[in-house]
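Chemist: Here you go, one structure.
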Amino acid sequence: MKRVFQISLILLILLLMLAGETSASYWFKVIDISPINLTPNSKADFNVAVKGLGSQGAYVELVFKNKSQELNISCEKKIKYVFPAGLTKYNCTVEVGDVAPGNYSFVVDVSARGSPSGKKTAYVEVMAAQGDHAIEPLSNAARSQTLRESEQETKASEANQTSTMPESKKTPTPGAALASLAILLVSWRMRK
């Protein structure tokens with residue numbers, strides 16, 4: 001009886017070791033972009049913060065979309081490792097040529113294996129140099145309206161992303177069923 005119990009216990013341990021990871025998700029999102037203010041023919045530094053929202057970390061690359069031709073964006077490291085539930089900052093630079101003062105924008109998105117889009121819009125304010133005047137200055141009301149519209153677009157895209165859950169990697173777990181069977185067998189043998 002004691003030998004059966006020991007063998008069953010060893011089998012149980014081996015079967016539990018075979019039970020693999022049931023699922024893992026990769027999900028990363030741009031949560032913050034520092035304000036960008038500059039004058040024509042200049043450059044400015046800004047930071048992008050990416051948060052890991054899934055259960056697995058991965059290498060995440062920043063992708064800049066919908067940018068005006070006048071904006072040149074570069075980062076010292078576009079690809080960094082983001083831990084699950086971790087926050088990683090990217091140091092970037094935007095450079096503008098001889099452009100009219102005003103407000104410009106671009107989208108910062110993430111690219112990682114199995115991760116859905118986690119984009120956010122960045123706003124660039126090009127201020128007039130001394131003696132120049134802005135062609136179309138935005139009032140505070142117009143600027144807040146533009147921000148509200150972009151936030152609504154972001155919330156709508158987030159709702160679409162949450163309805164389609166992040167792609168998950170599934171691993172079969174035959175060891176869990178076998179481990180349960182072994183426990184039942186051991187308890188049955190101990191009662192006899």
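Computed from the coordinates by the stated procedures, all read-outs in this text should not be read as laboratory data. Just so it is clear, the model here is predicted, and its values are computed rather than measured. Please note: Cβ atoms are built from the backbone with ideal geometry, for glycine as well, and neighbour counts cover all protein chains shown.
Chemist: Can you tell which of Tyr26, Tyr81, Tyr90 is loosely packed, with under 13 Cβ neighbours inside 10 Å and of a type in the set (Phe, Trp, Tyr)? Can you show your working first?
Modeler: On the way: Tyr26 fails: loosely packed, with under 13 Cβ neighbours inside 10 Å; Tyr90 fails: loosely packed, with under 13 Cβ neighbours inside 10 Å.
So the residue among Tyr26, Tyr81, Tyr90 that is loosely packed, with under 13 Cβ neighbours inside 10 Å and of a type in the set (Phe, Trp, Tyr) is Tyr81.
Chemist: Looking for something within 12 Å of the chain's Cα centre (by Cα), charged (D, E, K, R) and under 17 Å from Ser34 (Cβ atoms) - is there at least one such residue anywhere in segment 114-129? Quick ask: steps written out before the conclusion?
Modeler: Initial filter on segment 114-129 (within 12 Å of the chain's Cα centre (by Cα)): 114-120.
If we keep only those that are charged (D, E, K, R) as well, we get 119-120.
From what's left, under 17 Å from Ser34 (Cβ atoms): 119-120.
Yes, segment 114-129 has at least one match.
Chemist: Separate question: What is the residue count in segment 29-52 for residues that are buried (at least 18 other Cβ atoms within 10 Å of the Cβ) and under 21 Å from the mean Cα position of the chain (by Cα)?
Modeler: Of the residues in that region, 8 qualify.
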